[in-house]
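Shown next, in structure tokens, is the structure this report addresses.
The values are calculated or read from the model by the stated rules, or taken from the named source; none is laboratory data. Predicted model only: the values in this text are computed from it and were never measured. Because the Cβ atoms are built from the backbone with ideal geometry, glycine has one as well, and the counts that use them run over all protein chains shown.
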Amino acid sequence: MFAVTTFGESHGPALGCIVDGCPPGLPLGEEDLQADVERRRSGTSQYTSQRREPDRVRILSGVFEGRTTGTPIGLLVENEDQRSRDYEKIKDRFRPGHADYTYQQKYGLRDYRGGGRSSARETVMRVAAGAIARKYLAERLGVRVSGYLAQLGPIVLEPVDPPFAYQNPFFCPDPARVAELEEYVWKLREDGDSIGAKITVTAEGVPPGWGEPVFDRLDADLASAMMGINAVKGVEIGAGFGSVVQRGSEHRDELTPRGFKSNHAGGVLGGISSGQPIVVGIALKPTSSITRPGETIDVHGRPAEIVTTGRHDPCVGLRATPIAEAMLCLVLMDHYLRHRAQCGDVVSPTPVITARR
């Protein structure tokens, strides 16, 4: 019911999206979207891609006198720092690990400039759209979404100080580990290589009851949304893959009148929110846009060597936190509207419990 359609390519004139289904009356301005977009923007630190896009979001429709009208919201971000010449020398070769080969086979042609539609640049519009959902969830429903870098390569991070994640370029939730991350990323750059990462995003304040029992389960929709982010290769809800080594007596989240005793389920039971914090983890692969030579083929199927130059992230996970947050917001907003439509007047005789503090 809360639908987002994006358009545009990495090196095209602009990227945009249409947000349909936003309820009317929500106070909304471009500054509300800009804050989230700014957090994923490239060129803001020496540890990410140095493509310097201002990423100024324009609202083209769906807002009148500072409030949403209920009609489709049109958003636009212009590309201003394309450097397509970086891709001229590899336009006839496929970058291993990228979508070059699959786009060519599907469409018979492709936009080789920065990956075209397959570029993570497309996610700027998801973040802008997610900011609308985030504001509605927070102001109307009291739902707060946050995230942090949980792992960079071999470096596992604990959420010692979650708010600190928004005060450093790594989204690191532990002030004592930032210097270690800096050293690691600099070594990656020197090696001409890249690394993967894990991001954790959480939604607090989600009431019980959102979701569906079989098709379009809340956790299934969350997994689908997160897998739709570029470079994501794994998604887990709550304990996720860690539940493989847990016993039932450990994994089950026992209930007491004062609340749940644990949250291994990640806030979703049977495809429906339990009222506990929703916790989602995503694994992002290391980017293949590296300066180390590698084997590939050209468009004619002949063997070739490739080196990717230009401006690239040594770890795409460093800018993925706001993207994952946006996707979480979009899914929650959609499920809230579905729940309101079918079960908005349901009153359960069972009191609501949450996690014990």
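Conditions tested, residue by residue: (1) farther than 28 Å from Asp216 by Cα; (2) modelled with pLDDT of 90 or more; (3) not hydroxyl-bearing (Ser, Thr, Tyr).
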| position | (1), (2), (3) |
| --- | --- |
| His11 | yes, no, yes |
| Ile18 | no, yes, yes |
| Pro24 | no, yes, yes |
| Leu28 | yes, yes, yes |
| Thr44 | yes, no, no |
| Ser49 | yes, no, no |
| Arg56 | yes, yes, yes |
| Leu60 | yes, yes, yes |
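Can you tell me which of (1) part of a helix (DSSP H, G or I); (2) surrounded by fewer than 22 Cβ atoms within 10 Å (Cβ to Cβ) is the one Met226 doesn't meet?
For Met226, the failing item is (2).
Please go through (1) farther than 18 Å from Pro322 by Cα; (2) within 19 Å of the chain's Cα centre (by Cα) for Pro169 and return the number of the only condition it doesn't satisfy.
With (1) farther than 18 Å from Pro322 by Cα; (2) within 19 Å of the chain's Cα centre (by Cα) applied to Pro169, the lone miss is (1).
Residues that are in a loop (DSSP other than H, G, I, E, B), among the β-branched types (Val, Ile, Thr) and crowded, with 18+ Cβ neighbours inside 10 Å: does the range 205-214 have at least one?
yes
Taking the range 96-153, which residues are part of a loop (DSSP other than H, G, I, E, B), touching a Leu at 6+ places or on another chain (Cβ under 9 Å) and hydrophobic (A, V, I, L, M, F, W, C)?
Listed by number, the list holds a single entry, Val143.
In the range 232-250, which residue that is free of Cβ contacts under 8 Å to residues at least 40 places away in the same chain and within 27 Å of the chain's Cα centre (by Cα) is surrounded by the most Cβ atoms within 10 Å (Cβ to Cβ)?
Restricting to residues being free of Cβ contacts under 8 Å to residues at least 40 places away in the same chain and within 27 Å of the chain's Cα centre (by Cα), the top hit is Ala239.
Please determine, by comparing only the residues of the range 278-326 that are assigned to a loop (DSSP other than H, G, I, E, B) and either under 15 Å from the mean Cα position of the chain (by Cα) or on the phi > 0 side of the Ramachandran plot (or both), which one is surrounded by the fewest Cβ atoms within 10 Å (Cβ to Cβ).
In this case the residue turns out to be Gly301.
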